[in-house]
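Read the figures in this text as sums done on the coordinates, not as results from a lab. Because the structure is predicted, anything quoted here is derived from the model rather than measured. Virtual Cβ from ideal backbone geometry, glycine too; neighbours counted across all protein chains shown.
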Amino acid sequence: MKKRRVMSLLLCAAMMASTLSVSAAESAKVQPNDVEETKEGEKVLKYAITAEPETLDPGLNNYMASSSVIQNLFMGLYQVGPDGSLINGCADSYTLSEDGLTYTFTLKEDLKWSDGSALTAGDFEYAWKRALAPETASPGAWYLFYVKNGEAYNSGEAEADEVGVKALDDKTLEVTLENPTAYFLDLTAVTVFFPVKKDIVEAETPWTKSGDTYVCNGAFKIQEINPQESYILAKNENYEYVDDVHLDEVDLILIESAEAALSAFNAGEIDMTDNVSTQAATQYAGAEELQTFDLIGTAYYDFNCSKEALSDPRVRKALSISLDRETLLNAVDPSKPKAAYAFVPYGIPYGDTDEQYRDVVGDLITEDVEAAKALLAEAGYPNGEGFPTLTFITQNNQLRKDIAQVMQAMWKQNLGINVEIVTYESKVYWDEQTAGNFDICYDGWTGDYPDPSTNLECFIAARNYDQCRWSGELADQYNDLMMENRSLKDNAQRAENFATGEKILMDEMPIIPLSYRNSQLLVSTKVTGVIKSYIGHTLFKFGDIEA
């Protein structure tokens, strides 16, 4: 009883900090009314974003904030439709060879870039090879490793002309894969698969910094970039499906504080936001303005397994099972996501069955403070004695800070471990993670297609080097299972391999799964058709608004 009372006080303190900490810097940000008014009669949707996109270059993207913008500016061979299913994009049709390795795509007639110039199959070949080129150092290059010799080229072991993507003519793109991949069409809707225009990308002037130089092929184009303030998107008159686009303009307005976003929404100064505070969730509970979407993703925390104190899986497991996820999430996360007791989220099937993978495999984490203490003692740190202070880095938004503070309090109370929290703005944050300047750091992943590989491949060797840095015999075994699954056609065996691999992951615990991701939107009742895909992108191309 006493412990619960102490924890309640800690949680209340964290929630009070959330309510009171709207900084002067946030107050200085652009307010909705600062965005210039547009012509009367135009359909303009104002959407509050919490952070600037890390990049507007699809070939360099591997981030959620960027993807949500780029998905509205570009279109791949296929795209996500209004009901969340896959529909045609630039591709009119395709054929697949009997061995399941070679796709031949026929592009639609008269595709154009936003500057009016012709878009061809060569633009796809250029974009994919550019993203794979070692000198590009794209964090999203791994997506293209499904393409024959994609990984070999990226690692300097093959030449560009050996990569399995080739424009046979302006309208025909031939793609050869390393292995049959049932979800390859879904992958073509991922940003790194989008085409880019060679002469624009390679121009002396950086092409992603201004609407004057930005060229894309999606439903919208960049009209203005106002750093630290707003991104103004205008309907792209050269978009292939422009007749289906009803919005004339989308104003993406930077409002970091959830409290400020709620005030702007209540005042009618913005039409939508996905930065939903506890106050907003309470105010609009049960109302049509508050919409919740489940995503195929997981919020988690990386351990830096290369650090001596965290190289022992017993320590990592102790830190994970000593948390009370339900209490933490209910106290500080207004979206009330499901607590994660494994890594693969709900919404993904188990092999060819109608059952969900998560239901079949079940929970793989059991919270137990006493067991955590025993593991820590076995590792040589009874009651946390002699354990170093951990550096916990996270993003500088209120929800991430609140969660970090509660985790910090739980570890101190349950294990006697001290944690120092350091926060960074989004762009700097990911650089710090890549550089390894952390002991524990916030991370998260939302999958791109409904297969466990979209989540579990986060921890293959090729992607581990700048995240949790997990290595060793079991990490190698895990990697082998994931690689084997890339070439297997037997989905029952693939499902078993995924389950075996996930159990290894949870035994080794190089990461702490915290919650399965969802997304909430505050949406004005005058807005229709804007969707949040299960991937987590807000798509405006199907939206409409009362003028």
Tell me which aspartates and glutamates have Cα within less than 13 Å of LYS166's Cα, excluding those fewer than 8 residues away on the same chain? ASP123, GLU125, GLU174
With a/c under 1.5 counting as rounded, go ahead and sort region 104-221 into rounded, prolate or oblate using the C-alpha gyration tensor (a ≥ b ≥ c being the square roots of the eigenvalues; past the cut-off, prolate if a/b is larger than b/c, else oblate). oblate
Which one is right for this structure if semi-axes √(5λ) of the Cα gyration tensor in Å is calculated from it: (1) 44, 28, 20; (2) 37, 31, 20; (3) 34, 30, 23? (2)
For TYR300, what residues show an amide H to amide H distance below 5 Å, using hydrogens built from the backbone and excluding near sequence neighbours? ASP443, GLY444, TRP445, LEU514
GluC sites (Glu not before Pro) within region 275-327, DSSP loop, no more than 11 other Cβ atoms inside 10 Å: GLU288
Using the Cα gyration tensor of region 177-251, with a ≥ b ≥ c the square roots of its eigenvalues, what is the shape: rounded (a/c below 1.5), prolate (a/b larger than b/c) or oblate (neither)? oblate
Could you tell me the center-to-center distance, by alpha carbons, between region 423-492 and region 509-534 in angstrom? 21
Among DSSP beta bridges lying fully in region 329-459, give the percent that are antiparallel, nearest 5. 10
Quick query: amide H of LEU86 versus all other amide H atoms, modeled in the peptide plane; which residues come in under 5 Å with a sequence gap of 5 or more or a different chain? GLY81
Given the pairs LYS148/LYS503; LYS46/LYS401; LYS317/LYS338; LYS235/LYS541; LYS129/LYS221; LYS373/LYS412, which are separated by over 18 angstrom at their Cα positions? LYS148/LYS503; LYS46/LYS401; LYS317/LYS338; LYS129/LYS221
Would you mind finding the longest exposed-site-free stretch of the chain, with exposed trypsin sites (Lys or Arg not before Pro) meaning DSSP loop and at most 13 other Cβ atoms within 10 Å? 210-488
Any GluC sites (Glu not before Pro) in region 49-116 that lie in a DSSP loop and have at most 15 other Cβ atoms within 10 Å would be GLU98, GLU109
From Cα pairs below 8 angstrom and at least 6 apart in sequence, can you work out the relative contact order of region 117-250, rounded to a whole percent? 19
Among the GluC sites (Glu not before Pro) within region 135-224, which fall in a DSSP loop and have no more than 12 other Cβ atoms within 10 Å of their own Cβ? GLU157, GLU159, GLU202, GLU204
Quick check on region 138-197: take the gyration tensor over C-alpha atoms, sort the square-rooted eigenvalues as a ≥ b ≥ c, and tell me if it's rounded (a/c under 1.5), prolate or oblate. rounded
Identify the residues of region 88-107 with backbone N under 12 Å of a label point that sits 7 angstrom from the Cα of LYS171 along the Cα-to-Cβ direction, or state none. 92-93, 106-107
Calculate, in nm to one decimal, what GLU484 and VAL428 gain on full extension: separation in residues at 0.36 nm each, minus their alpha carbon distance. 16.6 nm
Computed, not fitted: 222 nm per-residue ellipticity of the chain from DSSP H runs ≥ 4 (each -39500 (n - 2.57)), nearest 500, equal to -9000 deg cm²/dmol
